Structures are given as structure tokens and as C-alpha cells.
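What follows is one structure encoded as C-alpha cells, with my remarks underneath.
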Amino acid sequence: MSTWREDLDTSSEMFSLMQSIFANVSDAILVVDRDGLIVKVNAALEQMTGWTEKELVGIKHICELCLGMATCMEETSCADCFFKQVQMPSFEMRLRTRDGRDYPVAASSARLPDGANGELVMVIRDMSAQQRAEKERYQHKLTNYAIAAQEEERKRIARELHDGVGQALYSILVGLNVVGQGHLSDPIRQHVNDLLQMTSKAMEEVKRMALELRPSALDDLGLLPALRSLMKRVEKSFDIQVELHVQGERRRYSAAMETALYRIVQEAMTNTAKYAKASQLGIVFEDREKEVVVTIVDDGVGFEVEKALHAGKGLGIFGMKERAQLLGGTVDIRSAPDEGTTVIVRIPVSKEET
């Protein structure tokens, strides 16, 4: 049988343990009396609200910190307040801070036995980080849907341009050639020749637009053939020497991955062609065990990356980064005035593709 001294030692140890838990637990804890006056708080609550223990204990009422419980029917309500309940294992409320801010918290409450004068213990956990994570997940999902829808629309329009407008222009070209072979006066013949040239240019423009919207090679042959086709167009249109070096296995990837890499490289090459005043552009495509790394380097004038982003001129950069992030990858852009630009793209390869 234990002695009263042993019982006292055990009680002291238990009390010390509870005090340590109360002081060091990461969740905020506060105790209020039966009238709602705060009688005890831990360090986590001080950090969460900005009020010190001296400013709270014996001074603040719980209603001065609580902006109301969240309900399904209305934003806040005091009609069924946790303070009126013996126990509420889980509910949401908005907590007011010392500097006037408020943010959502998850809370639980339980009234202590009558021996503790009916005091109420509340445990509070900050939900703002959780809500930010939920918002980011929603935005990620929405962005992914928007990009997928955009690519489908690009594909549809490219097909309409090729099969509809392109074929119609080709028929007009054939008809003009037939007319041009007849007996025509010199003015009429010149007019027909002018129309032939205009129609040919229109066909080339339609073909270029269809390729820019969605190159058929990307769907039919894969990423690398599509990139080589893009390189040829850039070389022809902008007089830039482009080289592609491929390291590792040559294979097909998921449609989402191939589309993302193609669009990122396309944006990087377009930026180089339009703004960098470069004469050479190199692309290194590396198929590694767990990721694909694409490095695009030009010898152009370069720019200040952060300055461009802050000035709102980096929409293309944001788009590149966003496409990579949707696949768990990254885009690193390194540049400085008169030092050229390097873009490094890393996209992890899914288990199904390894």
C-alpha cells in the first residue's frame, strides 16, 4: 500500500507534467470562469493573439476575443455559443487579435467539474495556414483545368484552320491557276497573278497560325520532333542559329508533360527572338532517371529578372513557371544585362513513364 507521501510525490509529478504540457503545447489554450472572464492562458495563445498574459487574465472577457462561431446557415452566430455548452468537441470561430485582425480557428471546449468552479477550457488551433493550403489547391486545380481547356481549344482552332480555311484557300489557289492558263489580257493576267501571290501568302499565314496554336507533330510524333520543327521556324523567321543537344533516352512522355515542356521552350525561344537580340540559341534536353531537364541558353542582351517581374513585364515567365509547377517541376531563369539568359526547366517523370 502506498503512503501519503508517495501519493503526494505522484500528485506533484503529475501537476508538474500538466503544467509543462500547458506551457509548451503548440495549440493555444485558455481557461475562462463561469462568467466568461479569462483566468489562465498559455504562451501559444499569447503568440496567436498578440496579447500578453497580464493583458488577458482577469481583464478580458472571452467575447472580446471571439467574433462568433461559424455556422452552415450564417457567417457568425451567438445563438448556440460554445460557452453555453458543457462540451463542444469541435467547432470553428473567428479570433480577434490585439492589432484588430481576425482569422479563422478550429476550437474545442469542455467545462471542468464543479470542483473547479465550472471553469471552461478552450483549445484553439490556427486554421489560416490550412485555408491558404486549401486555396492554393483550388487555384492549382483551376489553373490546371484552364490550361487543359486552352490546349483543347488551340487544337480545335488549329484543326479548323488547317481543314477549313486552309483547304478553302488551296481550292482558290487551284482555281486561280486554272484561270491563269486561259487566254487573258495582260492587265487581267497580272491581276490573277497578284491574287495567286496573295492567296499563297494567306495559306502560309494560316499554316503558321495553325502550327503556333498546336503543332500536329507534338501529338503525332512527340516532343523532340515538335521542338525541331519549332527551331526551324525560329531560325527562318528571326535569323537565329539554334542547336539542340539530346542526352539520355528518346521516348514519349505524357501528353500533359510534352505540352508543358513544348510551351515553356516555345515561350523562352519567342522571348529570345523578340527581345534578346541574340544570334545563337542552344537547347540541351536531358532525360534523367527521375526527371527531364531542359536548358535554354542565348547570347543576347539579357535583363534583370526581378525588375521585369515587379514591373509587370514577366507574364510569360509566370506562365512558364505555372506550367512547370502544375507538374511538380520548376523553372529557373538566370540573366543579367549583357550576359545573356539561361532558362533551366525541371519536370519530374512520373512512375508510369519510368
Next item on the list: Return the carbon/sulfur percentage of the accessible area of the chain, one whole number, probe 1.4 Å, all protein chains in place.
Entry: 54
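Over the chain, give the accessible area per residue in Å² for a 1.4 Å probe, as an integer.
Values: 21880 Å² over 354 residues.
Per-residue accessible area for the chain comes out at 62 Å².
How much net charge surrounds Gln167 when only other residues with a Cβ under 12 Å from its Cβ are counted (Lys, Arg +1; Asp, Glu -1)? Present the calculation step by step, with values, prior to reporting the outcome.
Details: positive: Arg159, Lys207; negative: Glu160, Asp163.
Charge balance in the 12 Å sphere: 0.
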Item checked: Length-normalised contact order of the chain in % [C-alpha pairs under 8 Å, at least 6 apart] -> 9
Notebook entry, point to check: Looking at [x] -0.40, -0.51, -0.80, -0.89; [y] -0.49, -0.59, -0.81, -0.87; [z] -0.60, -0.69, -0.89, -0.94, which value of log10 I(q)/I(0) by the Debye sum over Cα atoms at q = 0.07, 0.08, 0.11, 0.12 Å⁻¹ comes from a calculation on the structure shown?
Noted result: [z]
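Highest mean first, how do 224-232, 243-251, 188-196 rank when packing is the count of other Cβ atoms within 10 Å averaged over residues?
On the way: 224-232: 18.3, 243-251: 11.3, 188-196: 13.8.
For the peptides 224-232, 243-251, 188-196, the packing ranking is 224-232, 188-196, 243-251.
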Checklist line | Geometric extent, Cα atoms of the range 195-354 - Rg, Dmax (angstrom) | finding: 16.3, 55
Notebook entry, point to check: Tell me, how many Å apart are the Cα centres for the range 204-276 and for the range 134-162?
Noted result: 19
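So if we plug the beta-carbon distance of Lys232 and Ile188 into 1/(1 + (r/R0)^6) with R0 = 35 Å, what FRET efficiency do we get, rounded to 0.05? Display every interim value, and only then the final one.
On the way: r = 38 Å, r/R0 = 1.09.
Given R0 = 35 Å and the Cβ-Cβ separation, E is 0.35.
Tally Lys and Arg at +1 and Asp and Glu at -1 over the other residues with C-beta under 12 Å from the C-beta of Leu142: what net charge comes out?
On the way: positive: Lys135, Arg137, Lys141; negative: Glu136, Glu322.
Net charge in that neighbourhood comes out at +1.
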Margin query: Rg and Dmax in Å for the range 140-288, alpha carbons only: what are they?
Written below: 19.7, 66
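Given the pairs Lys201/Lys236; Lys236/Lys274; Lys232/Lys290; Lys40/Lys84; Lys236/Lys277; Lys141/Lys307, which are separated by over 21 angstrom at their Cα positions?
Values: Lys201/Lys236 16 Å; Lys236/Lys274 14 Å; Lys232/Lys290 30 Å; Lys40/Lys84 19 Å; Lys236/Lys277 15 Å; Lys141/Lys307 29 Å.
From the list (Lys201/Lys236; Lys236/Lys274; Lys232/Lys290; Lys40/Lys84; Lys236/Lys277; Lys141/Lys307), the Cα-Cα distance tops 21 Å for Lys232/Lys290; Lys141/Lys307.
The values are calculated or read from the model by the stated rules, or taken from the named source; none is laboratory data. Quick caveat, the model's predicted, so the values are computed rather than measured. Neighbour counts are summed over all protein chains in view; Cβ atoms, including those assigned to glycine, are modelled from backbone coordinates with ideal geometry. These accessible areas exclude ligands, DNA and RNA; they are computed on the full protein's heavy atoms, side chains included. Shrake-Rupley method; radii C 1.70, N 1.55, O 1.52, S 1.80 Å.
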